[in-house]
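First the structure, in the form of structure tokens, and then the observations on it.
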Amino acid sequence: MTMDTSHLRESALFDRATIHEIQRAASEGIYRIRGFGAKRRVPHFDDLVFLGASVSRYPLEGYREACGTDVTLGTRHAEKPLEIDIPITIAGMSFGSLSAQAKEALGRGASAVGTSTTTGDGGMTQEERGHSTKLVYQYLPSRYGMNPDDLRKADAIEVVVGQGAKPGGGGMLLGHKISDRVAEMRTLPKDIDQRSACRHPDWTGPDDLEIKIRELREITDWRVPIYVKVGATRTYYDTMLAVKSGADVIVVDGMQGGTGATQDCFIEHVGIPTLPAVRLAAEALQELNLHRTGVQLIVSGGIRSGADVAKAIALGADAVSIGSAALIALGDNRPDLAEEYAKLGTAPGFYEDWQAGADPAGITTQDPELAKRLDPETAGKRLANYLRVLTLEAQTLARACGKSHLHNLEPEDLQALTIEAAAMAKVPLAGTDWIPGRL
Amino acid sequence: MSSDVIDLAGAADVRAANRRLQGRQGAVAGGRFEVLNPGGAHALAAGLMDDVEVVIRGPVGYYCAGMNKNATVRIEGAAGVGLAENIMSGEVRVTGNASQSAGASGHGGLVVIEGDAASRCGISMKGVDIVVGGSVGHNSAFMAQAGRLVICGDAEDGLGDSIYEAQIFLRGAAKGLGADCVEKEMRPEHEVQLAELLARAGIDLPASAFRRYGSARSLYNFKVDNIGAY
Ligand SMILES: Cc1cc2nc3c(=O)[nH]c(=O)nc-3n(C[C@H](O)[C@H](O)[C@H](O)COP(=O)(O)O)c2cc1C
């Protein structure tokens, strides 16, 4: 017999998850560390809609009239800019946080559709380099596994200042994910809870960054593009300063951005949403006369669909990057793993313990038995399918707005459903010509 | 054996000098080079790959000899920030002082600073040996993972903060040790290793004059009892 619960009213302030967290904190005495991105609702691309063609604009024919999707990244200083066929790249996720099989699958999937993958905090693996036709090598504060040979094997370099899930925070990899191989790549003992630094060891501030970028160019003979990745906070100024420091590409990761392991309070409470971040970065580039011409903008943090892709581009991004969605496409949070998730006290659709290393899908783990469950070929195909869908969706929306290339989308094609989104994206509230904050 | 001369006051700029030293314009292994008028240039002699010998006559800027492999670089003067950062192998020697973050994240090889080193010397080091003839600034060997930092003079505050498996040998006094850094017993095998390292660095001091520091390993795993130390 089930109890009648219709009279029980959950507190909006102290909801069940909040109560559970207070109880957990009281019993364990340590903050909660988890994976995934921010879980609370923040203004996002869902709050925007496209203005399709009308009497005053005409659309392009779906399936017949071309809608270009290619992007060239790093045209400013690099001898060999990175050319990708679709404006969706795979974000940096470390070997360590992900299994070698997952890294291989990301490489296979991305390569099948002509886009790039990115290493992460932990160095470059053979699996990843071998299966990624275009690979971006992250240059992080920890410098784990950093070496000039891998640097020269990269198709682009990404200097990581921060990420959206934790702007101002360093990396974390908990002991149970430090296998022999991970420990060796990072020059650390096994089984320790490893903290990566939050600041680079040999530069602070934009003047030093400029010299650092020059050093990286000297080492790689000015061949490949250099990106600078920041978590979204003071995005306008960060973009300006990164450009001044010589970056070819700016990567801005909104507060919703996923993580392998971060304190929950950090994930939910630091940084600004992706929506205002895209606009701020684009404004900085416009001010410098470099938007869509000299410096490219990649935006990440909560990209799930082709609509998100198209809206980010319309607001000024040249490309987007995905982390969480890519892992889900590989097989994370699948319904057929329900029983195994239940053993971990969770369920498909809710699994966020990417820090724990017990991932039944074999993605966020270093346990060889679990990792074996992920077949890189099948998972790679799933990712390729997903990336194709995102591209087709974005093209569908762009054609409806009469655009023959995704990059022709512009803020004028968008209106906002909420006042917040209108203010953050600086597009009019739907049905009005009102942009809050603009005279 | 004579050296090829690269004069930065002449036709060559840093890029040309580096392309030459990196062997991008023809094989250089076994070669000897002399760089004149460096004038504090940044990223000079960085990214070298072969066993070349380079003598730089004068002061250098940031990241001199960064990420080098196999090369031997001697700087007659002072060095700026990030000397020999991420060095993989080979040797870098500076006859004067070095600025912050000397040998940062170095994976291997030997860095000798005959003068003093500023703060964060050996930060994040991952296997390099660093020998400082003088003293080091604050937070030296911060988060040092592997390798050895030898300090013939004194150390400022926060020495070895959050150190992992690297070892510190200190002859003078430390103003303060960082979190989880403790003095450790100097056993005979350490003295033998240190004596060998001092000899390689060309420093004439007895190993017995040094004390050894390393990680207490008490912060290796997050524990609520350690909360004050994080
Ligand atoms: C498992 C995992 C590991 C990550 N590791 C890194 C990393 O090593 N370096 C980094 O810059 N960002 C890292 N990130 C952040 C991603 O690069 C990216 O910014 C983020 O996932 C984008 O947001 P999304 O997950 O909503 O797509 C990681 C994210 C995840 C999910």
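Neighbouring Cβ atoms within 10 Å as the yardstick, rank A:THR274, A:THR432 fewest first. Please report the intermediate quantities before stating the final value.
Values: A:THR274 32, A:THR432 10.
Placing the least packed residue first, the sequence is A:THR432, A:THR274.
Add -39500 (n - 2.57) for each DSSP H run of 4 or more in chain A, then divide by its residues: what number comes out at 222 nm, to the nearest 500 deg cm²/dmol?
Numbers: 15 runs with 148 residues, N = 439.
That calculation yields -10000 deg cm²/dmol at 222 nm.
Show me the GluC sites (Glu not before Pro) within region B:146-199 that DSSP assigns to loop and that have at most 14 other Cβ atoms within 10 Å of their Cβ. Don't skip to the answer; put the middle values down first.
Working: sites: B:GLU156, B:GLU165, B:GLU183, B:GLU185, B:GLU189, B:GLU191, B:GLU196; in loops: B:GLU156, B:GLU165, B:GLU185.
Taking region B:146-199 and a limit of 14 other Cβ atoms within 10 Å, the loop GluC sites (Glu not before Pro) found are B:GLU185.
Scalar couplings 3J(HN,Hα) for region A:23-32, obtained by applying the Karplus form with A = 6.51, B = -1.76, C = 1.60 to θ = phi - 60°, are 5, 5, 4, 5, 8, 9, x, 9, 5, 7 Hz; x denotes Gly and Pro. Taking only the C-alpha atoms of region B:4-229, Rg followed by Dmax gives 17.8, 62 Å. At an R0 of 60 angstrom, the distance between the Cβ atoms of A:SER404 and B:ALA209 translates into a FRET efficiency of 0.20. For region A:43-425, the alpha-carbon radius of gyration amounts to 0.94 times the rule-of-thumb value 2.2 N^0.38 Å expected for a compact globular protein. Backbone amide hydrogens, once placed in the peptide plane, bring A:ILE272 within less than 5 Å of A:ALA232, A:THR233, A:MET255, excluding anything fewer than 5 places away on its chain.
Each Lys and Arg contributes +1 and each Asp and Glu -1, all at the Cβ; summed about the Cα centre of region B:4-229, the dipole is approximately 360 debye.
Would you mind classifying region A:65-195 by shape? Square roots of the alpha carbon gyration tensor eigenvalues, ordered a ≥ b ≥ c; an a/c under 1.5 is rounded, otherwise it is prolate if a/b is larger than b/c and oblate if not. Taking the square roots of the gyration eigenvalues as a ≥ b ≥ c, region A:65-195 is prolate. What the phi angles of region A:221-232 give under the Karplus curve with 6.51, -1.76 and 1.60, with θ = phi - 60°, is a coupling list of 6, 6, 7, 9, x, 10, 9, 10, 9, 10, x, 6 Hz, glycine and proline written as x.
Taking the C-alpha atoms only, the angle from helix B:188-201 to the longest principal axis of chain B is near 20 degrees. Pairs with C-alpha atoms separated by more than 26 Å, drawn from the list A:LYS212/B:LYS69; A:LYS103/A:LYS311; A:LYS343/A:LYS372; A:LYS153/B:LYS126, are A:LYS103/A:LYS311. For region B:12-73, applying the loop criterion from DSSP together with a ceiling of 13 other beta carbons within 10 Å to the trypsin sites (Lys or Arg not before Pro) yields no site.
How about region A:135-228: which GluC sites (Glu not before Pro) there are in a DSSP loop, with at most 11 other Cβ atoms within 10 Å of their Cβ?
Working: sites: A:GLU158, A:GLU184, A:GLU210, A:GLU215, A:GLU218; in loops: none.
Answer by residue number: there is no such site.
Dipole magnitude for chain A: about 220 debye, using +1 per Lys or Arg Cβ and -1 per Asp or Glu Cβ, origin at the Cα centre. For chain A, the relative contact order comes to 23 percent (Cα pairs under 8 Å, sequence separation of at least 6). Across region B:210-219, rounded Karplus estimates of 3J(HN,Hα) from the backbone phi angles (6.51 cos²θ - 1.76 cosθ + 1.60, θ = phi - 60°) give 10, 10, 10, 10, x, 7, 6, 6, 8, 9 Hz, Gly and Pro being marked x.
How high is the relative contact order of chain B? Use alpha-carbon pairs under 8 Å, at least six apart in sequence, and give a whole percent. Display every interim value, and only then the final one.
Details: 752 pairs, mean separation 21.8, N = 230.
Once divided by the residue count of chain B, the mean separation gives 9 percent.
Each residue in A:MET3, A:MET255, B:MET88 was given a count of other beta-carbon atoms within 10 angstrom of its own, and listing them fewest first yields A:MET3, B:MET88, A:MET255.
Size of the dipole of region A:209-279 about the Cα centre, Lys and Arg at +1 and Asp and Glu at -1 on the beta carbon, nothing else charged, in debye to 20?
Numbers: 8 positive and 9 negative charges, 45 e Å.
Here the size comes out at about 220 debye.
From helices alone, chain B scores -3000 deg cm²/dmol at 222 nm; the rule is -39500 (n - 2.57) for each run of n ≥ 4 DSSP H residues, then divide by the residue total.
Of all alpha-carbon pairs in the protein assembly as shown, indicate the percentage at a distance above 51 angstrom.
Details: 31805 of 223446 pairs.
In whole percent, the long-distance tail amounts to 14.
Protection proxy ranking of A:85-97, A:141-153, A:31-43, by the mean of other Cβ atoms within 10 Å over each peptide's residues and highest first, is A:85-97, A:141-153, A:31-43.
Summarising the amide proton neighbourhood of B:GLY40: residues at separation of 5 or more, or on other chains, whose placed amide H is nearer than 5 Å comprise B:VAL60, B:GLY61. Is the shape of region B:123-183 best called rounded, prolate or oblate, per the rule: a/c under 1.5 gives rounded, else a/b larger than b/c gives prolate, else oblate, with a ≥ b ≥ c the square roots of the Cα gyration tensor eigenvalues? Note, shape of region B:123-183 comes out oblate. For region A:376-439, the calculated P(r) over all alpha carbon pairs, in 10 Å bins from 0 to the bin holding the longest distance, is 21, 29, 29, 16, 6, 0 percent.
Provide A:SER56, A:SER404, A:SER11 in ascending order of the number of other Cβ atoms located within 10 Å of each residue's Cβ, fewest first.
Numbers: A:SER56 6, A:SER404 13, A:SER11 9.
Listed from fewest to most nearby Cβ atoms, that is A:SER56, A:SER11, A:SER404.
Less than 5 angstrom separates the built amide H of B:ILE6 from those of B:GLU34, B:VAL35, B:LEU36, all sequence-distant by 5 or more or on a different chain.
Read-outs throughout are calculated quantities, based only on the coordinates presented, and are distinct from any laboratory measurement. All of these numbers come straight from a predicted model, not from anything done at the bench. Positions of Cβ are backbone-derived with ideal geometry, glycine not excepted, and every protein chain shown enters the neighbour counts.
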